[in-house]
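For reference, the structure is listed below as C-alpha cells.
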Amino acid sequence: MMSIDFSELPLKVADRVALSQTPTPIHALPHLSKMLGTQIYCKRDDLTGFGFGGNKVRKLEYLLSEPLRYGSDCLITCGSNQSNWCCMTSVAGAALGMDVYLVLGGPVPKVDTGNLRLARIAGARISHVDTTDDDVLESAAGELEDVLRARGRRPYRIIMGGSTGLGSFGYVRALAEIASFERTAGLRFSRIIHATGSAGTQAGLIAGSMLGSWPGEINGIAVSRSATEQEAKVRAVLAQTLPRQLLDQAHPIIDDRFMGGGYRQKTDGCNEAIEIFARREGIFLDEVYTGKAAAALIAYGREGRFNSGENVLFLHTGGAAQLFE
Ligand SMILES: Cc1ncc(COP(=O)(O)O)c(C=O)c1O
C-alpha cells in the first residue's frame, strides 16, 4: 500500500476500528467501456461488507475509535429520514455495544422503509424533526445530547454524514487501496468520479492523493449544492486534515451540473444511469448519490472528455437501500 506519514498531519489519527471488508474490489465495466470508448473501472465501495455497505463504514472506522476510547455508552447523530449515514451509524454503534440515537429530518413516515427500516432493525432510538434545515437538526441533536448527559449517560455526538477530518481518513485509506491496485494491475487511473455530499469522501480522497503524491484527478459530482458551496465544504474538512502548506495547494474539482433540482430530486440522467448500470453491468446504484455521479460519468464520455486509452475509475459509494424507500 502507498505509505503516508501520519505524523506530519495536524490531526492526531486515532486507531481504526476494523468493521469493513476491505480492500473492496476494483473491476472493469465492459459494457460502459465499450459505450464510452475508454476503459471504465468501478471500485465497489457498495461492497464494504458491513451493514448495507457503502462509504459510511470507512468513516465510522476512524470516528468510532474516539467514543470507544472515551468510554461513551451511546452515539447521537442526525440526517434525513432515508439517511445512509444514520443507518450505518446505527449498525456500527450496535455492533460495538453502544445505544444509537438518531434525530431524523422530515415528517414522521407512515411506514418504515429503506434505511429507516434497517436502522430500526439495528435497534436505533429514533426521533423526528419536521425540517429540511441541517442546522435545525444539528441543534436538536445537541439538545438531545444535553438531555442524555443530564440523565447520567455518556453520549458521543457525530455531525451529519461523519464528514470530519477524522472521518475523512477512511478515504485517505481508500485512496491507498486504489494506488495499490494500480501497482498490482500495472495501470494508472486518470481520474476518480464519485458523488460528493457532506464532503468527507472527497476530502479524504484529495488528502490521500496529496499525501501520497497520487497524480490523478478527483471529480466530485455535487448532489445537493452549487460547486462553490460544495468546494467550501470540502476545503473545510481538508483544513482539519492537511498541513497548512498542502491545504493551500488543494483545489477540489466539483461539477454541479448533475444534481437537477437538488438533494433527492430525481433527474432523467440519473434514471438512465441507474438503468444502464443495472441492465448492462449488474450493479444497482441509487437515485440520490451514485446515480447522479454515474450520470456525470456517462455525460463526460458522450461529451468526448475522455481520451481513448484513459482508465477512469467510478467510485460506487453504496446507497442502494434508497431504492426500497
Ligand atoms: C451512497 C452515498 N454516496 C455518496 C455520499 C457522499 O459522501 P460524502 O457525504 O462523504 O460527501 C453519501 C453521503 O451520504 C452516500 O450516502
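Table for the structure above
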| item | result |
| --- | --- |
| Cut-off under 5 Å, modelled amide H: who pairs with residue 76 long-range | 101, 156, 157, 158 |
| J(HN,Hα) series, the stretch 117-131, from Karplus relation 6.51 cos²θ - 1.76 cosθ + 1.60, nearest Hz, glycine and proline x | 5, 5, 5, 5, 4, 6, x, 5, 9, 10, 10, 10, 10, 7, 8 |
| P(r) weight above 22 Å for the stretch 46-134, C-alpha pairs, percent | 22 percent |
| Spatially proximal lysines relative to residue 59 (Cα-Cα < 16 Å; intrachain offsets below 8 disregarded) | 12 |
| For the chain, calculated [θ]222 nm from helices alone, where every DSSP H run of n ≥ 4 adds -39500 (n - 2.57) | -12500 deg cm²/dmol |
| Descending semi-axes in Å of the stretch 64-202, equivalent ellipsoid built from Cα gyration tensor | 31, 18, 14 |
| Cα-based Rg of the stretch 155-293 normalised by 2.2 N^0.38 Å, two decimals | 1.08 |
| Note, ³J(HN,Hα) from phi for the stretch 278-292, Karplus 6.51, -1.76, 1.60, rounded to Hz, x at Gly and Pro | 5, 7, 9, 10, x, 10, 8, 9, 10, 8, 9, 10, 5, x, 6 |
| 3J(HN,Hα) from dihedral phi, the stretch 45-61, Karplus parametrisation 6.51/-1.76/1.60, rounded to Hz, x for glycine, proline | 6, 6, 10, 6, x, 9, x, 9, x, x, 6, 5, 5, 5, 5, 4, 4 |
| In the stretch 269-325, the trypsin sites (Lys or Arg not before Pro) that fall in loop regions by DSSP, at most 16 other Cβ within 10 Å | 305 |
| Along principal axes, Cα extents of the stretch 13-88, largest first, whole Å | 52, 30, 19 |
| Amide H within-cut-off set for residue 191, under 5 Å, with H built and near neighbours excluded | 217, 313 |
| About the Cα centre, charge dipole magnitude for the chain (Lys/Arg +1, Asp/Glu -1 at Cβ), debye | 520 debye |
| Stokes-Einstein D in µm²/s, Kirkwood radius over Cα pairs - the stretch 1-157 at 20 °C with 1.002 mPa s viscosity | 123 µm²/s |
| Alpha carbon centroid spacing (whole Å) that separates the stretch 126-191 from the stretch 280-298 | 22 Å |
| Kirkwood-based Rg to Rh ratio, the chain, C-alpha trace | 0.95 |
| DSSP-loop trypsin sites (Lys or Arg not before Pro) across the stretch 47-117, with at most 13 other Cβ within 10 angstrom | 110 |
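Every number in this text was worked out from the coordinates using simple rules, so none of it is lab data. Only a predicted model underlies this, so the values are computations on that prediction, with no experimental measurement involved. Every residue, glycine as well, gets a Cβ built from its backbone with ideal geometry; the counts of neighbours run over all protein chains shown.
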